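Step one of this worksheet: look at the structure below.
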Amino acid sequence: MKYDYILVGSGLASIMFAEQLRLHKKSFLVISNRSQQASVVASGLYNPVVLKRFTATWNAAIHLEKAIPKYAGLEQLLGLKLDYVLPIHRVFNSVKEQNNWFLACDKPLLTKFLNPELLNNTNPSIKAPFGFGAVNHTGRIDTQSLIESYREFLLKRNQFIEETFEYNDLIESTEGVEYHSIKAQRIVFTEGFGIHKNPYFKYLPLEGTKGELITIQAPTLKLESILKSSIFVIPMEEDRYLVGSTYEWTDKTNSPTQEAKTELLEKLERLIDCEFEVVDQRAGIRPTVVDRRPLVGQHSNHKSMYVLNGLGTRGVLVAPAMAEALYNSIENDTPLPEEIDINRFN
C-alpha cells in the first residue's frame, strides 16, 4: 500500500488536514487509537472575541472566514448538521462592564462582532440585572458528531486503521516513510496531547490543559443564545445545555472529577434560577502551547515528518486555517507564518 500521506491522529486537526488532501486529490491513510479526547469532548464553540477582556482573538476575521465554509462543506459531504449558528450573550456584572463594552464596540477589530445595543434580560430563569452584550458570527460545531461521522466516512473508503501507532516501527527512506506494509511520501502527526509520546516532536512545548464540561437538562431555561459569564451555557437539543468549562494544569487524565463538577455547578447556580439535572460529565486535555500559538511545520532533521498540533481552546476556529497553511507549505512551498512555525522552538 502506497500513499501520499499518513496521518496519525483522528481529531479536528486530522480531519481538517485530511480535507485539504481529499480536495486536492491526494491519497492518504489515517491511523489512530482514538485515545485523545480533546476534540470529542470540546464544546465546539467558535467565538472571535475574548469576552473576559473584550478583545479580538488572534486573526479572528481571517480564521472565521476560512472556518465557516469548511464546516458547511463537511455538512454536505457527511449529510448531517454540524454548524449551529447562535449569538453569544455576554452577561454584564456591573455598569463598568457595560461601559467597557461600548468602548470595545468602537475598536476596528471588534466592530464587526460586537453589537453596540444593550440587551435587557427578559428571561426569569437567568440572573442578569445589568443585561447582556451580543456577539455576532458565533455558534457551535458538533465536534463529536463530526469526528464520529468522518471516521465512518474514511472506514468506508478503507482510509482508516484503528490501532496504536508504534513509533519504533516507522522507517525513513529516500522515498519517504514506511510503516509496517504501508509506504508514504510524508507523515503528519496530529495527536494532540499524545505528542508527549512522539519521539520526533515531544521536544515541543505543548503543555496540555485539562477541561471538563457537564451537560444539564433544564426544561424551563429556554435559552435561544449562548450565555457567557464566568462559564458558557450552550443550548443543545431537547432542553439540554452544555456547561463549561474548567481549566486544570496538573491533572493530565481524561477522567471527570468531582472537583470540576462542583466548580461548574457553583458558577451555574450564580447564573441561572431554575431547576436542572446533570445528565453527563466529560473531560479531555486541550493541546495548549506556552506561547498560545499552534505547532505547525516540518521536522528539522526528518524531512518527511510534519506536525499539526497545539490548536488550544479555539481549535474549532483556527483548525481550518492551520491545515491550509501546512498543506500550502508542503505542496506549494508557501512559507509558514513565523508565529505558528515550529522552527521558533528549534
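The values are calculated or read from the model by the stated rules, or taken from the named source; none is laboratory data. This one's a predicted model, so the numbers in the text were calculated from it and none came from an experiment. Every residue, glycine as well, gets a Cβ built from its backbone with ideal geometry; the counts of neighbours run over all protein chains shown. We work out accessible area using only protein heavy atoms, side chains counted, and drop any ligands, DNA or RNA first. Shrake-Rupley method; radii C 1.70, N 1.55, O 1.52, S 1.80 Å.
Observations on the structure shown:
- Scanning segment 85-97 turns up no residue that is within 19 Å of the chain's Cα centre (by Cα), assigned to a helix (DSSP H, G or I) and closer than 30 Å to A128 by Cβ.
- In segment 288-301, residue farthest from the chain's Cα centre (by Cα) [restricted to those that are within 20 Å of V177 (Cα to Cα) and open to solvent by 10 Å² or more (accessible area, probe 1.4 Å)]: N301
- Some residue of segment 1-10 being charged (D, E, K, R) and on the phi > 0 side of the Ramachandran plot: no
- Residues (part of a loop (DSSP other than H, G, I, E, B) and open to solvent by less than 10 Å² (accessible area, probe 1.4 Å)) located in segment 302-346: G310, I340
Matching residues to (1) at pLDDT below 95; (2) on the phi < 0 side of the Ramachandran plot; (3) not aliphatic (A, V, I, L, M):
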| site | (1), (2), (3) |
| --- | --- |
| P129 | no, yes, yes |
| V135 | no, yes, no |
| F160 | no, yes, yes |
| V177 | no, yes, no |
| A184 | no, yes, no |
| G192 | yes, no, yes |
| I216 | no, yes, no |
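- Looking at K66, K52, K81, just one residue is of a type outside the set (D, E), part of a loop (DSSP other than H, G, I, E, B), open to solvent by 60 Å² or more (accessible area, probe 1.4 Å) and more than 21 Å from L213 (Cα to Cα), and that residue is K81.
- Failed condition for N121, given (1) in contact with a strand residue (DSSP E or B) (Cβ under 6 Å, 6 or more places away or on another chain); (2) at pLDDT 95 or above; (3) among the polar types (S, T, N, Q): (1)
- Number of positions in segment 246-263 that are farther than 16 Å from T313 by Cβ, modelled with pLDDT of 90 or more and open to solvent by less than 60 Å² (accessible area, probe 1.4 Å): 4
- In segment 300-329, the residues that are more than 30 Å from E175 (Cβ to Cβ) reach residues that are of a type in the set (A, V, I, L, M) and open to solvent by 20 Å² or more (accessible area, probe 1.4 Å) with C-beta atoms within less than 6 angstrom, at least six apart or across chains, in these pairs: V318/L311.
- Hey, I187 within 30 Å of V243 (Cα to Cα), in contact (Cβ under 8 Å) with a residue 12 or more places away in the chain, of a type in the set (A, V, I, L, M, F, W, C) and open to solvent by less than 80 Å² (accessible area, probe 1.4 Å) or not: no
- Selection of segment 200-227 for residues being open to solvent by 70 Å² or more (accessible area, probe 1.4 Å), more than 26 Å from A283 (Cα to Cα) and either of a type in the set (A, V, I, L, M) or touching a helix residue (DSSP H, G or I) at 6+ places or on another chain (Cβ under 9 Å) (or both) yields an empty set.
- The set of residues in segment 232-245 that are surrounded by fewer than 22 Cβ atoms within 10 Å (Cβ to Cβ) and part of a loop (DSSP other than H, G, I, E, B) comprises M236, E237, E238, D239.
- Consider segment 100-134 and keep the residues that are out of contact with any His (no Cβ under 8 Å at 6 or more places or on another chain) and not in a loop (DSSP other than H, G, I, E, B). The one that is farthest from L317 (Cα to Cα) is I126.
Residue-by-condition table, conditions (1) in a loop (DSSP other than H, G, I, E, B); (2) within 30 Å of A18 (Cα to Cα); (3) at pLDDT 95 or above:
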position: L268; (1), (2), (3): no, no, yes
position: V279; (1), (2), (3): no, no, yes
position: G284; (1), (2), (3): no, yes, no
position: G297; (1), (2), (3): no, yes, yes
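- Residue within segment 260-280 that is over 23 Å from L45 (Cβ atoms), among the aromatic types (F, W, Y) and over 15 Å from the mean Cα position of the chain (by Cα) present: no
- Qualifying residue in segment 62-71 (condition: under 24 Å from V233 (Cα atoms), under 17 Å from the mean Cα position of the chain (by Cα) and among the small types (G, A, S)): yes
- The condition of being assigned to a strand (DSSP E or B) and small (G, A, S) does not hold for G194.
- Answer residue from segment 121-167, given it is farther than 21 Å from A42 by Cβ, among the aromatic types (F, W, Y) and surrounded by fewer than 19 Cβ atoms within 10 Å (Cβ to Cβ) and is nearest to the chain's Cα centre (by Cα) among those: Y167
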